[in-house]
Amino acid sequence: MGQVVALQSLITGRQIWQGRAVPQPSGGETTGWPALDAALPASGWPKASLSEILLPADGVGELQLVLPTLARLSKQQRAIAVIAPPYVPCVAGWENSGVAMTHIDIVCAGDPRDALWASEQCLRSGSYAAVLSWPLHADDRALRRLQVAADNGRALGFVFRDRRHAVQASPAALRLELETEPVRQIRVRKCRGSQPPALPIPFPADGW
């Protein structure tokens, strides 16, 4: 029979690995969509973090998803950077959604590497409350740099990518996929601090 050893002595001697529970995220930034907030562990966008939004195609509601947040931040006179958008933002449409365009900076970048660099610098600067970008050729390392930059600059980072990237690991704190079939809905692929909800979240065209 083996020798009986006091558990405390093993712990004190660091002979037993002690796991630590993952800390639950503190309150996030509300998305402006109550059903989505209720499904997320931070009750909104995770603060000072990167949120990745995966799309089946352009124009499926990805901007509608973030406009309530942009409206709230811009009304607080907080700056927002939009890096190399695939289409010129419709000023009238954004204003109708409550966004104060005087606090929106649109950055043009012809080279995808320049767009990534600009996104990282804006996130890291501490000058922007939120940064939106559409990285075309971002690998895990590039996304990790954006996540670190968002943390350092205490900014909300939003990256919009094709849903084919869903099979790849991502350092983003939150990953959402917009689906259009059989109905328009949001599927949470990853949320830091909790297991993603099993069921998709309705995202009707007329809002909630």
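Scanning region 153-170 for residues that are in contact (Cβ under 8 Å) with a residue 40 or more places away in the chain and farther than 20 Å from E62 by Cα yields a total of 2. Residues in region 115-148 that are free of Cβ contacts under 8 Å to residues at least 40 places away in the same chain, open to solvent by 40 Å² or more (accessible area, probe 1.4 Å) and not hydrophobic (A, V, I, L, M, F, W, C): Q121, R124, S125, G126, H137, D139, D140, R141, R144, R145. Against the numbered list (1) more than 11 Å from L40 (Cα to Cα); (2) assigned to a strand (DSSP E or B), K190 comes up short only at (1). Suppose the filter is surrounded by 21 or more Cβ atoms within 10 Å (Cβ to Cβ), within 21 Å of D37 (Cβ to Cβ), hydrophobic (A, V, I, L, M, F, W, C) and more than 13 Å from the chain's Cα centre (by Cα); does F158 pass it? In short, no.
Residues in region 79-114 that are in contact with a Cys (Cβ under 9 Å, 6 or more places away or on another chain), open to solvent by 40 Å² or more (accessible area, probe 1.4 Å) and among the small types (G, A, S): there are none.
If you go through region 95-146 and keep only what is under 25 Å from Q64 (Cα atoms) and among the acidic types (D, E), you end up with E95, D105, E120.
The values are calculated or read from the model by the stated rules, or taken from the named source; none is laboratory data. Since the structure is predicted, the reported quantities are computational estimates derived from the model, not experimental observations. Counting neighbours? That spans all protein chains shown, and the Cβs are built from the backbone with ideal geometry, glycine included. Ligands, DNA and RNA are stripped out before the accessible areas are found, and what is left, the full protein with its side chains, is counted by its heavy atoms. Shrake-Rupley method; radii C 1.70, N 1.55, O 1.52, S 1.80 Å.
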